[in-house]
Amino acid sequence: MSVLSKYLSVIVWALAMLVLAVPASAQAQRDIAQDSAPFVYEVERLENGGGGGAGAPLDLDTPLGLVESFMAAGEAGEFERASAALDFANIDTSARAMSRRDVTSALYNLLHRSVVIDWAILPDRPDAVDTETSSKDPMAGTARRSVTLAEIELDGRSIPIRLAREQAPGGEPVWLFSRQTVANVPALYAVYGPTRFEKSLPSALREQAFWTLAWWEVIALPLILLAAALAAFLTHLAIRRFRGRFRDDAVVHGVLRAMHLPAVLLAFAASFALVRETFFRLSGPVKDLLDPLQLILIIAAFLGIVLSIIEAMFELATDRRTDALEDPDNGEDRDYYTKLSAIRRIVTALSMLAAIGFLLVASNISSTLGFSILASAGVFGLVLAFAGRKLLGDIMSSVQIAFAQTARIGDAVQYEGQWCFVEKIGFTHLRLRTWDERRVIAPLSDFTNKSFENWTKRDASLMMHVELELDNRADVEKLRGPFREFVEQDEDVVDPEDASCEVVGQTGRAMVVRFMARSSDPKCGWKMHCRLRERMLAVAAGLDAAAANEPVPAYLPREREVRMDLARKDEGA
């Protein structure tokens, strides 16, 4: 027992020492990173500029000091002094097309015009330890020798602007723009630098006005918008004139009418982008604001043109076959066009999602507008879910109606007491055409959450009925003969044996007589219904006695009055 206890004691002691040793080792490593030799890139020799000029030397001790002093020297035009912040090791001096001063000037121009510097991420410590970040950040409390200042797109990839802490043998560590960053400056400047037109402007116009805008940019921005608006106006006139050459019912006329507005929008956005890229390259913050808006307009215009053409072709196909679709024997075509309409809506929804996805990827909106912060917190998703809940519900309802075929294009339905034909099943509504050629726009929820009558769902034939109020003394049997004669002779009555004449109600004033007959379809049924009413009213009026022959025979209802003076005479007699 004592031996076992001895072994257990040894094991416990070893575990305790191990637990204590792990934090001590980690602390030792951290102390080494912070307190021993600096965390740097060791180079054979520094290849930064000479730092000449009358001003004070640049502050190369910290990342913040490096960027602040470099931008200050660049703003003062002292590029010889500012060149001390760049590592020129990767630039081939024998074949370079730009001098060190030109490269320094180009880098300043890029940072000033094409980059929004986030000063909050630049540490003001030689070891670049981020003291503001959360303890959950894996880099919290860790010394760094490289800091990413910004990223610029070039040839479909992001080019980082990095700061590196370098040390030559026997020298002090300094922060510089990394050699790879400096090597990328000529290529970046060729894309994002000023155009020939800008370089030809007077120096007074190239001076800074406010924010990061030069005076020429303040003047150019309204001119760019004016040029884009002029291009859009000319496009509008051209499409309208070209559309006027065709009849209103022509296919080309319908397509041009549908794509008119998206084409004008595309002309505006494309002209805006073309003028910007050709003549004017606006500075960073304005560029970061305009680029996503410009891309949104172009994508929206292309999407609008495609969807408008699809919509116009479908509308033309269904409008030209309206009478054929409403034919009672044409159920297969109604099924086909209804399913085609559902597929069109699905394609539209998928195209919109694809356009939104392409926009998010192409515009890099996640890094420019704080999108990632909102998305990580779940706020953006909640906003989208709340805003799109009703729209998505309506879209799913339209697809449900189309595939379940509760209401098909061309079906005759009764909506709020009105006889209508279904003309279109949209994303959020149904377009109905009434018997008197009016258009009723009904929400989809009325057809998914409420009951409605579909007169052509299975069998287009419809039992029509006419109700007449006749005097309680009317002989209904004398009406059945003329009614039977009508149903046997009328061409719109099918199956005369189904026809009936019945008393279905009675009040103190009159009784209600219902005449029922079946028609082949709702259109024919309505006309037959009107003829039947006219015929039976004429028969009842012909059988009704004249006023002099009261009280019988009586068919049309009477208003009865009691004369009290005659009643008293009868009592006196």
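The values are calculated or read from the model by the stated rules, or taken from the named source; none is laboratory data. Being a predicted model, the structure only gives us computed values, none of them experimental. In this analysis, Cβ positions are derived from the backbone assuming ideal geometry, glycine residues included, and neighbour counts consider all displayed protein chains.
Of note:
- Under the condition of being in contact with a helix residue (DSSP H, G or I) (Cβ under 6 Å, 6 or more places away or on another chain) and either of a type in the set (A, V, I, L, M) or on the phi > 0 side of the Ramachandran plot (or both), the residues counted in the stretch 495-517 number 2.
- Only residues that are in a helix (DSSP H, G or I) and under 22 Å from Arg438 (Cβ atoms) were counted across the stretch 399-417, and they come to 1.
- Being surrounded by fewer than 20 Cβ atoms within 10 Å (Cβ to Cβ), of a type in the set (Asp, Glu) and either free of Cβ contacts under 8 Å to residues at least 40 places away in the same chain or over 20 Å from Arg558 (Cβ atoms) (or both) is true of Glu477.
- Check on Arg438, free of Cβ contacts under 8 Å to residues at least 12 places away in the same chain and farther than 13 Å from Ile401 by Cα: yes
- Residue within the stretch 494-501 that is in a helix (DSSP H, G or I), of a type outside the set (Phe, Trp, Tyr) and in contact with a Lys or Arg (Cβ under 9 Å, 6 or more places away or on another chain) present: yes
- Met463 under 20 Å from Ala412 (Cβ atoms) and surrounded by fewer than 16 Cβ atoms within 10 Å (Cβ to Cβ): yes
- Checking each residue in the stretch 165-202 for being among the small types (Gly, Ala, Ser), touching a residue at least 24 places away in the same chain (Cβ under 8 Å) and not in a helix (DSSP H, G or I) picks out Ala168, Gly171, Ser178, Gly193.
- Residues of the stretch 511-538 satisfying the condition of being touching a Leu at 6+ places or on another chain (Cβ under 9 Å), surrounded by fewer than 18 Cβ atoms within 10 Å (Cβ to Cβ) and aliphatic (A, V, I, L, M): Val512, Leu537
- Qualifying positions in the stretch 485-503 - surrounded by fewer than 16 Cβ atoms within 10 Å (Cβ to Cβ) and more than 17 Å from Leu537 (Cβ to Cβ): Glu488, Gln489, Glu491, Asp495, Pro496, Glu497, Asp498, Ser500, Glu502
- Residue match in the stretch 244-265 (condition: aliphatic (A, V, I, L, M), surrounded by fewer than 15 Cβ atoms within 10 Å (Cβ to Cβ), at pLDDT 75 or above and part of a helix (DSSP H, G or I)): yes
- Apart from one condition, Asp446 fits all of (1) buried (at least 21 other Cβ atoms within 10 Å of the Cβ); (2) free of Cβ contacts under 8 Å to residues at least 40 places away in the same chain; the exception is (1).
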